[in-house]
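> So that we are looking at the same thing, I have put the structure below in structure tokens.
The values are calculated or read from the model by the stated rules, or taken from the named source; none is laboratory data. Predicted model only: the values in this text are computed from it and were never measured. Ideal geometry is used to build each Cβ from the backbone, glycine not excepted, and the neighbour counts take in all protein chains shown.
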Amino acid sequence: MKISALAVLLACSVPGVSSKLVRIPLEKRSDEELIADIQKRGHIENVLSEYSLRGATDKQRNLKEENEVIKDYANAQYFGSISVGTPPQSFMVIFDTGSSNLWVPKVGCTHCGNPFFGKKSKYDHEKSGTYESDGKDFEIMYGSGSVSGYFSKDSVTVAEDLVIKDQAFAEVQDAGGLGLAYALGKFDGILGMGFTSISVGGVPTVFENAIKQSAVDMPVFSFYLGDNGPGELTFGGYDASKFEGDLVYVDLLAATYWEIAMDAVSASDYQAPANPDGSPITAIVDSGTSLITGPKKEITKLAKAVGAKPNFTGQFTIDCDKVDSMPDIVFTIGGADYTIPG
């Protein structure tokens, strides 16, 4: 199955985009690395028991242009590089449209990696000349658990030369709640790209501050996820060379998550049922996970329609040898069909 995807997200409505782009590269791992990682996870499970992380293998939720390279880990985590402080301290973060806070682990953080695998970079505010103390408590809950720490302020640099000054973020002291996904993951922290309305503490997001500080030309960012090759996160617009045809604009249901209405979901003889009250099927465009999630009953029916089987994590997977014979999965959004081909 080969898919290249472009998602363009606008912080507000704009008539067009013709601005300088800030590019953040994204990379994807080979299938061989993914297979080796699955084997490694089973081998080291007992080693991780000291973290009380057994069974939490993925993040699950209830429901000017700059470019940033985004890397892929285990086909479930796309991440790229930022730096915090002066001089800059570098971190790999997940750019997550499903949350709105930036956090990185601090020096002395509990459950923040292991010296032998999953080692994390840690922020030391004593080494930054632009650090400002805040001290208010911070805690954010994800599907697999929470991370906690306290707020601080510092300069944040994205794509080497886009600098956001006085950005509020969290120094995390305990990341144990994120489980195995964090203990083994290649990322250090999370950079939320949702709206400030759902930001813990009500602090402005990195992208909102980039707009306010005129660090980007347009209030637009976009993700390009390559087909077994590099991808890209773009601040300040989108790269028209990454797609063919016209963009389809879809209204947001609320300025919270990137929540949209879907017209339909179908595969073979499966069709997602309409809501009894006539309200639309809703979905969140969430870059923090590469999985398709939904109500268990409907996902089970969809999986059956395409021949997917549950694996040891509870996720449905498809036998690679049978991909060519599986039916297409079609998501209809804004009157346009988006097909995951067999």
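> Looking only at the range 159-177, decide whether some residue is over 25 Å from Ile211 (Cα atoms), part of a helix (DSSP H, G or I) and either within 23 Å of the chain's Cα centre (by Cα) or polar (S, T, N, Q) (or both).
Yes: one or more hits.
> Answer yes or no as to whether Val323 is among the hydrophobic types (A, V, I, L, M, F, W, C), more than 30 Å from Val206 (Cα to Cα) and not assigned by TED's automatic domain parsing to the domain that holds Thr97.
It is true that Val323 is among the hydrophobic types (A, V, I, L, M, F, W, C), more than 30 Å from Val206 (Cα to Cα) and not assigned by TED's automatic domain parsing to the domain that holds Thr97.
> So which strands (runs of 3 or more DSSP E) are wholly in the range 47-142 and hold at least 2 residues that are at pLDDT 80 or above and within 22 Å of the chain's Cα centre (by Cα)?
Fully inside the range 47-142 and qualifying: 77-84, 89-96, 102-110, 132-142.
> For the range 276-342, please list each of the strands (runs of 3 or more DSSP E) lying entirely inside it that holds at least 3 residues being surrounded by 15 or more Cβ atoms within 10 Å (Cβ to Cβ).
Counting at least 3 such residues, we get 281-284, 329-333.
> Which of the residues that make up the range 123-146 are closer than 14 Å to Gly201 by Cα and out of contact with any Lys or Arg (no Cβ under 8 Å at 6 or more places or on another chain)?
Those that are closer than 14 Å to Gly201 by Cα and out of contact with any Lys or Arg (no Cβ under 8 Å at 6 or more places or on another chain): Gly135, Lys136, Asp137, Phe138, Glu139, Ile140, Met141.
> (1) more than 19 Å from the chain's Cα centre (by Cα); (2) assigned to a loop (DSSP other than H, G, I, E, B); (3) modelled with pLDDT of 95 or more: which one isn't true of Pro204, the others all being true?
Answer for Pro204: the failing condition is (1).
> Checking Ser268 against (1) of a type in the set (Ser, Thr, Tyr); (2) buried (at least 16 other Cβ atoms within 10 Å of the Cβ); (3) more than 24 Å from the chain's Cα centre (by Cα), which test does it fail?
Looking at each condition in turn, Ser268 falls short on (2).
> Of everything in the range 143-152 that's part of a strand (DSSP E or B) and under 17 Å from the mean Cα position of the chain (by Cα), which residue is surrounded by the most Cβ atoms within 10 Å (Cβ to Cβ)?
Of everything passing the filter in the range 143-152, Val147 is surrounded by the most Cβ atoms within 10 Å (Cβ to Cβ).
> Do the conditions hold for Asp246, that is, is it among the acidic types (Asp, Glu) and surrounded by fewer than 19 Cβ atoms within 10 Å (Cβ to Cβ)?
yes
> Being among the charged types (D, E, K, R), buried (at least 24 other Cβ atoms within 10 Å of the Cβ) and modelled with pLDDT under 95 is the filter here, so list the residues in the range 153-200 that pass it.
Asp188
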